[in-house]
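Here, each number is a calculation from the coordinates, and none is a lab measurement. Bear in mind the structure is a predicted one, so any value in this text is a computation, not a measurement. Methodologically, a virtual Cβ is constructed for each residue, glycine included, from the backbone with ideal geometry; neighbour enumeration extends over all protein chains shown.
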Amino acid sequence: MCAEDQTHAAEIPIDVNNDNDRDSSFEEELTTESTTSLNDSILNYRTLHGRRYHNFKSSEYWGPNDESQNEQLDIGHHMLTLLLGGELFLAPIGHHPQNVIDVGTGTGIWAMDFADKFPSAQVVGTDLSGIQPNWVPPNCKFELDDAQLEWTFPPEHFDFVHLRCLMGSIKDWPYIYSEIYRCMKPGGWIEHVDMDIEFKSDDGSVGEGHIMQRWSKTFIDCGEQMGRTFLIGKQAKGLLEAAGFVNVVEKKYKVPVGSWPSNKELKNIGQYNLLYCVQGLEGWALWILTTILKWSYEEIQVFIAQMRSALLRRANHSYYEVYVVYGQKPEGKAKEVAPNSEGEEEPSEVVSSADAPLSAGAAPSTNERVP
Ligand SMILES: C[S@@+](CC[C@H](N)C(=O)[O-])C[C@H]1O[C@@H](n2cnc3c(N)ncnc32)[C@H](O)[C@@H]1O
């Protein structure tokens, strides 16, 4: 059973021989527009408790941009690619995409893989941090850019727009989607992949009051407090339709944390996901808990240690959901706004049965176009 197939399954069978121990393999190691001119301050990164952060004044983003977190993003890329059966995306974009953008590209790994796979395409990856490599495929470049500001790319330019894992980062999703719409060719595709951060289980091993649920609730609440929701995955379909996109498809995946599934592929995904989570914990928590909840460093470390311990406990059969949502800009000129302009959840072509239980068994070339 591949990850895609699990979307049809009632539950992920658990490997009963897996529960006895902690995951020892990991335990040990475990302005007004976006083209502002590049200045030193943007590359003059900030630090918090020894972790390094971006310094783009126009946006706040919770994640560090240091080696440890960048490595974690690359693990996430591998895990999410496995989840999509080895594919980089699901939208039916055809074989010869031309102008492609990866918004919030992180280390740029998706953009580089895409550029390698589609030599026809000119791929640009944008981010607040210039953490992408210098040596990149000739048809790929990176630009420092704040996606929350007015887009300076030409109208009707992109035929594929990709966004992934921007949960908790964006204040005004309708605005970004409308800027994307404006800069997309008619007939072009957008794909937004995002993870909700709600750790849960279907067998009660991660239930009400469990540290993993408290962890999720803490960050979801902080996201709402910051005005930058962590729940964008489940809102994306409604918001894309409200922005005028058509043929919008939502796919929902349960992503296990750890090696507890009996299915080989899901076990593999779960192991990468465990590594992704364990390595990401401090980076997820530090800025938000310090800045929003005003916790002390010691309090934060205790919370992280409790969560790490729960993640590594094999008897916790936890998962969270990943949403893959894609849609198309209509071929015609007219922008038809869907009735549900609030982006509320509504019945959709959800191919997964994620509601069913899981059971036991760069050198910034910069959009800032340097003067
Ligand atoms: C969790 S990482 C995901 C990176 C990449 N999309 C991936 O899936 O590997 C989120 C990235 O979004 C970037 N980001 C956050 N807010 C942004 C904004 N307003 N404009 C551009 N990039 C942003 C962050 O700097 C970070 O690199």
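Tabulated results
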read-out	value
Pairwise label distance in nanometres, His96 with Thr290, each label 7 Å out on the Cα-Cβ vector	5.1
Kirkwood Rh in Å, taken over all unlike Cα pairs in the stretch 198-330	16.3
Theoretical gain in end-to-end length, Asp221 to Asn44 [0.36 nm per residue, Cα-Cα removed]	60.7 nm
Segment Glu71-Gln301, length gained on full extension (0.36 nm per residue, minus Cα span)	80.7 nm
q = 0.10 Å⁻¹, the stretch 3-328: log10 I(q)/I(0) [Debye, one scatterer per Cα]	-0.57
Residues in the stretch 72-111 that a label on Glu156 would reach, taking backbone N under 19 Å of a point 7 Å out along Cα→Cβ	97-101
Neighbour-count ranking [beta-carbon atoms within 10 angstrom, fewest first] of Leu80, Leu149	Leu149, Leu80
Exposure proxy ranking, count of Cβ atoms within 10 Å, fewest first, for Met226, Met112	Met226, Met112
Estimated FRET transfer efficiency when R0 is 56 angstrom, pair Tyr175-Ala315 (beta carbons, to 0.05)	0.80
Fewest-first sequence of Thr152, Thr105, Thr218 by Cβ atoms within 10 Å of each Cβ	Thr152, Thr218, Thr105
Under Karplus coefficients 6.51, -1.76 and 1.60, residue-wise ³J(HN,Hα) of the stretch 84-100 in Hz, glycine/proline x	8, x, x, 8, 8, 6, 10, 4, x, 7, x, 9, 10, x, 10, 10, 10
Under 24 Å from the Cα of Lys264 - lysines, other chains or at least 8 residues apart	Lys200, Lys251, Lys252, Lys254
The stretch 74-122 and the stretch 304-327: distance between their alpha carbon centers, rounded to Å	24
Pairwise label distance in nanometres, Glu331 with His78, each label 7 Å out on the Cα-Cβ vector	4.2
Using a Förster distance of 22 Å, the FRET efficiency for Lys264-Lys117 (Cβ separation, nearest 0.05)	0.30
